[in-house]
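Heads up: the structure comes next, in structure tokens.
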2 protein chains.
Amino acid sequence: MLEHGGRLRAAAQRYGIPLSDWLDLSTGIAPEPWPVPAIPLDAWARLPEEGDGLAEAACACYGAAHALPVAGSQAAIQALPQLFAPGRVGVLTPSYAEHAQAWQRGGHRLVRLAAEDIEAQLDTLDVLVLANPNNPTGERFEPSRLLDWQARLEQRGGCLLVDEAFMDCTPGYSLAAYSQRPGLIVLRSFGKFFGLAGIRLGFVLAEAALLARLHERLGPWTVGGPARALGRQVLGPAGSAARERRARQLQAAGERLAGLLSAHGLAPAGGTALFQWLRTPQAARLHDFLARRGILVRRFETPASLRFGLPADEAGWQRLARALADYRKETT
Amino acid sequence: MLEHGGRLRAAAQRYGIPLSDWLDLSTGIAPEPWPVPAIPLDAWARLPEEGDGLAEAACACYGAAHALPVAGSQAAIQALPQLFAPGRVGVLTPSYAEHAQAWQRGGHRLVRLAAEDIEAQLDTLDVLVLANPNNPTGERFEPSRLLDWQARLEQRGGCLLVDEAFMDCTPGYSLAAYSQRPGLIVLRSFGKFFGLAGIRLGFVLAEAALLARLHERLGPWTVGGPARALGRQVLGPAGSAARERRARQLQAAGERLAGLLSAHGLAPAGGTALFQWLRTPQAARLHDFLARRGILVRRFETPASLRFGLPADEAGWQRLARALADYRKETT
């Protein structure tokens, strides 16, 4: 199992700090959960039924023609490589590591590609997998560029898979509107933007035939009833203004986080509304420094870097600011 | 996608009867849901973490050494065949059809076996898959017999997979206590007995090494936070007396259903607490007769048969009794 953010229990044990005392910035999940609506009893009790309007709500919200609800975009990441004949798969590096692992496990030949090497390699690939914006680097890819790559891949029967898990605050970069094109698959995450990662909900946007094959592969009832009921309400038209407000607030919070890091001599190399990415040879040291103060961030080894999520409240912001100031004192 | 019970929306459309007017007996799910406890906000908001005590609660409740929580036993059914090298797999027939489909999709050679043919074929198999009690026939297998089969399979590196989705009311038949033996895998369902099929929770009981491989295959966070919180509470020691009371009540309801069918000349060929199985060449006709009255049961084509689930309340019992009496009048 790969390491992930959100492993607060492990950190609590390792550093001997009680769970409730931590400031957990180790994930890219919005810290304030969207208000959980009342869930009808039937959603808990009955087998979830499709045709409940969830896919339609997602299509309308994301601007896509077809959507398959899945139990978190992770479920699609695990299953998609099994739908393709073994081939040469370019995977953006660094990026969310589950992609590379899933394609490798599926028997494909992996080509790990830095963003700047994709163009030169593209015509040798069967599938190109990337995240836009990328996690953890925050790098963004222009839609026109991605559509050019998609068209070139598709001409040879290939496919572009774009993980848009962190796209909600920058919808202008999304390929959702093009996702019915053959050779294009777009993943959307529900839990990150809405701060509801526990419910396991995500969507695959693609042409209908591919979604049908994925559905068959995943099997019935993969998304739970409470998640379906919640998703339907939150993504529905009544939530539109609140979703836009949330996007603006998160965008501002992301800028505040970038500013805070920069003010302490730790300017991020990139980021999104939900996280900032700090590339530094001191990553291990800073990670440990913060953890000893009960602040958990996500550490990456290659390249040596840290990902900071958003604090949930003003006390959290102040606590992070103090810790960064202390770190600066200790290291200068 | 295979046909399943619980497809009430489709029936409502086909028969032009509003959803809310149906008596849905098409599933084997307990009709009265276990009271849904308060779910902490963190369960919705945060990524689910293992080490939360859910596996331990399941082990204590089922009497097993090791348990892996999965998003419904269906999730394990889909994934288990991928853990085995292609082989000769005996699958009990008729039984829950997803097993056969999953092993076939996984590249194995299927041998469909009636219960009475297993003994003669056993030593030619790599894996034997059956449900105990069986769905939809209700047939029960004695633990001593299953353990003999398991030992013989295991001697040749083989495996016995027992789906105990409907075992909760007859725990004396369970192999949970033996499930750490190599070559034995036991599946338990949470939603059927507790009437909470919407949350997608089940457990795989087996030796630790196999559970680790299955976990790796399924990936992280497959069971949602609300399901984990709920499962932990419901399976915990505080619920023990209430679980036993529920088992007795469901057992009595199953006997009432068998009696009702018999009283109308439709004696079931088998059953469990949660369903009765009626084998009749009139299956299609009776299915349609009931559906035109807004009563949905599950129909099987091979052999021609119907599965009746439990009505939720006295009004439902009376409605079913009237429809069965009407059917008898029409057909005699």
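The values are calculated or read from the model by the stated rules, or taken from the named source; none is laboratory data. Keep in mind it's a predicted model, so treat the numbers as computed, not measured. Neighbour counts are summed over all protein chains in view; Cβ atoms, including those assigned to glycine, are modelled from backbone coordinates with ideal geometry.
Numbers for the structure displayed
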| quantity | calculated |
| --- | --- |
| Matching helices (runs of 4 or more DSSP H) fully within the range B:1-116 where at least 1 residues are under 27 Å from B:GLN233 (Cβ atoms), touching a helix residue (DSSP H, G or I) at 6+ places or on another chain (Cβ under 7 Å) and away from every other protein chain (no Cβ under 14 Å) | B:54-62 |
| Among the residues listed as A:GLY198, A:GLY107, A:GLY183, A:GLY157, the single one being farther than 29 Å from A:THR27 by Cα, surrounded by 19 or more Cβ atoms within 10 Å (Cβ to Cβ) and either free of Cβ contacts under 8 Å to residues at least 60 places away in the same chain or β-branched (Val, Ile, Thr) (or both) | A:GLY183 |
| The lone exception for A:ARG299 - which of (1) in a helix (DSSP H, G or I); (2) free of Cβ contacts under 8 Å to residues at least 40 places away in the same chain; (3) among the basic types (Lys, Arg) it fails | (1) |
| A:ALA209 being at pLDDT 95 or above, more than 14 Å from every other protein chain (Cβ to nearest Cβ) and surrounded by fewer than 22 Cβ atoms within 10 Å (Cβ to Cβ) | yes |
| Which numbered condition A:ARG188 misses (of (1) of a type in the set (D, E, K, R); (2) part of a loop (DSSP other than H, G, I, E, B); (3) within 29 Å of B:TRP221 (Cα to Cα)) | (2) |
| Residues of the range B:190-206 that turn out to be over 12 Å from B:ALA75 (Cβ atoms), of a type in the set (A, V, I, L, M) and more than 8 Å from every other protein chain (Cβ to nearest Cβ), as a count | 2 |
| Residues being under 29 Å from B:ILE185 (Cβ atoms), of a type outside the set (Gly, Ala, Ser) and without any contact (Cβ under 8 Å) to a residue 24 or more places away in the chain - total across the range B:221-247 | 1 |
| Residue in the range A:261-272 that is modelled with pLDDT of 95 or more and more than 27 Å from A:GLU330 (Cβ to Cβ) present | yes |
| Members of the range B:289-332 found to be under 15 Å from B:SER26 (Cβ atoms) and among the small types (Gly, Ala, Ser), listed by number | B:ALA291, B:GLY294, B:SER305, B:GLY309, B:ALA312, B:GLY316, B:ALA323 |
| Hits in the range A:165-182 - residues which are of a type in the set (A, V, I, L, M) and either touching an Asp or Glu at 6+ places or on another chain (Cβ under 9 Å) or in a loop (DSSP other than H, G, I, E, B) (or both) | A:ALA165, A:MET167, A:LEU175, A:ALA176 |
| Set B:LEU250, B:LEU214, B:LEU218: member being more than 14 Å from chain A (Cβ to nearest Cβ) and among the hydrophobic types (A, V, I, L, M, F, W, C) | B:LEU250 |
| Of residues in the range A:74-96 being within 21 Å of A:ILE118 (Cβ to Cβ) and among the polar types (S, T, N, Q), the one surrounded by the fewest Cβ atoms within 10 Å (Cβ to Cβ) | A:THR93 |
